[in-house]
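The values are calculated or read from the model by the stated rules, or taken from the named source; none is laboratory data. Predicted, not measured: the structure shown is a model, and the values here were computed from it. With ideal geometry, Cβ positions are generated from the backbone for all residues, glycine too; neighbour counts draw on all protein chains shown.
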Amino acid sequence: MKIDLKTFNQLNLVLMFGITVLSNIFVGMGIGWLLDKIFNHSFWMIVFMLLGIFSGLYFGIKDLLREAERYDKTQNSTKKTDNKDNNNINN
């Protein structure tokens, strides 16, 4: 059985996106829960949960874009190397 590393890398990206989003949501909910207990208003729980959702999505998408850019750079450098090898063989 052969393991495809490209598929494993893509699954890792999905897992890291989920962990990033969920961890930000839980941290926001935790801060909101603490403020809710201190001030006795559920307003803080809602506000910090929404902030956690927005920050989680922001940083998750930011990480995905950074990984996509890194993947494109890797693909472009591989193409340039392949083109140089093909030019040397043809000459």
| task | Being at pLDDT below 95 and aromatic (Phe, Trp, Tyr) is the filter; apply it to segment 1-32 and report the residue that is farthest from the chain's Cα centre (by Cα). | result | Phe8
| remark: If we ask which residues in segment 36-59 are farther than 22 Å from Thr20 by Cβ and polar (S, T, N, Q), their number turns out to be 2
| request: Scan segment 6-17 for residues that are of a type outside the set (S, T, N, Q) and without any contact (Cβ under 8 Å) to a residue 12 or more places away in the chain and jot them down. | output: Lys6, Phe8, Leu11, Val14, Leu15
